[in-house]
Amino acid sequence: TYATKPSDIERKWYVVDAADKPLGRVAATVASILRGKHLPTFTPNVDCGDHVIVVNADKIVLTGNKLNQKIRYYHTGWVGGIKEIHYDKLMAENPEKAVMYAVNVCCRTTLLAERLLQDFAFTRAQNTSIRLKIQSLGQAK
């Protein structure tokens with residue numbers, strides 16, 4: 001069995017268009033690319049994934065009635081510090097955070113997952129300088 005070494009990894013850039021796609025599908029796709037599961041040389045204990053840029057995160061869709069019913073709970077760390085935020089408010093104010101929370105849930109909660117989320121970025125407009133720069137390098141998929 002081949003085990004990938006960190007020195008053997010060549011990272012690519014992927015641009016994922018999230019317009020009119022369900023939040024969960026985009027999150028699962030991004031998490032798989034960040035983890036490197038699409039590669040034949042996938043090794044579970046090595047960060048062999050690629051970089052991902054999500055475009056049009058503000059146009060992402062929540063299916064059914066989740067926009068009105070879904071709530072994200074988090075804890076501040078203090079006694080009685082449970083907080084909640086409704087997804088209709090979250091999607092209106094900062095849709096990138098909603099995608100980041102979903103990708104974070106799709107990744108395992110390990111030190112490697114914290115490292116994977118550093119290879120993750122957002123852009124709001126479809127034709128930004130980052131996307132054009134990556135396409136000019138010929139590395140965007």
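Bear in mind these aren't lab numbers, they're just calculated from the coordinates by the rules spelled out. From a predicted model like this one, the values you see are computed outputs, not experimental measurements. Here Cβ is always computed from backbone atoms with ideal geometry, including for glycine, and neighbour counts include all displayed protein chains.
Of all DSSP beta bridges in the chain, what percent run antiparallel (nearest 5)? Numbers along the way, then the final one.
Numbers: 5 of 16 bridges.
Bridges in the chain that DSSP calls antiparallel: roughly 30 percent.
Charges only on Cβ, +1 for Lys and Arg, -1 for Asp and Glu: so what's the dipole of region 1-114 about the Cα centre, in debye to the nearest 20? Walk me through the numbers on the way to the answer.
Details: 15 positive and 12 negative charges, 58 e Å.
Here region 1-114 has a charge dipole of around 280 debye.
Could you please tell me the mean projected area of the C-alpha convex hull for region 21-74, averaged over all directions and given in square nanometres to one decimal? Present the calculation step by step, with values, prior to reporting the outcome.
Numbers: hull surface 21.4 nm².
That works out to 5.3 nm².
If you plug each phi of region 82-97 into the Karplus form 6.51 cos²θ - 1.76 cosθ + 1.60 with θ = phi - 60°, what whole-Hz ³J(HN,Hα) values come out, in order, with x for Gly and Pro?
Values per residue, Gly and Pro as x: 6, 10, 9, 9, 7, 5, 5, 6, 5, 5, 6, 7, 8, x, 5, 5 Hz.
Taking the Cα centre of region 26-130 as the origin and placing charges on Cβ (Lys, Arg +1; Asp, Glu -1), which of 90, 73, 51 is farthest toward the positive end of the dipole?
Working it through, the farthest residue towards the positive pole turns out to be 73.
Give me a comma-separated list of calculated 3J(HN,Hα) values for region 12-24, in order, Karplus coefficients 6.51, -1.76, 1.60 applied at θ = phi - 60°, integers in Hz, x for any Gly or Pro.
Each residue's phi maps through the Karplus curve to give 10, 10, 10, 10, 10, 8, 9, 5, 6, 10, x, 4, x Hz.
When the Kirkwood hydrodynamic radius is evaluated over all pairs of different C-alpha atoms of the chain, what value in angstrom, to one decimal, is obtained?
For the chain, inverting the mean 1/r across all distinct Cα pairs yields 16.4 Å.
Would you please give the residues with an amide H less than 5 Å from that of residue 15, counting only those at least 5 places away or on a separate chain, with H modeled from the backbone geometry?
53, 141
To the nearest 0.05, how large is the calculated FRET efficiency for residue 74 and residue 41 if R₀ is 41 Å and r is the Cβ-Cβ distance?
Details: r = 36 Å, r/R0 = 0.87.
The value I calculate is 0.70.
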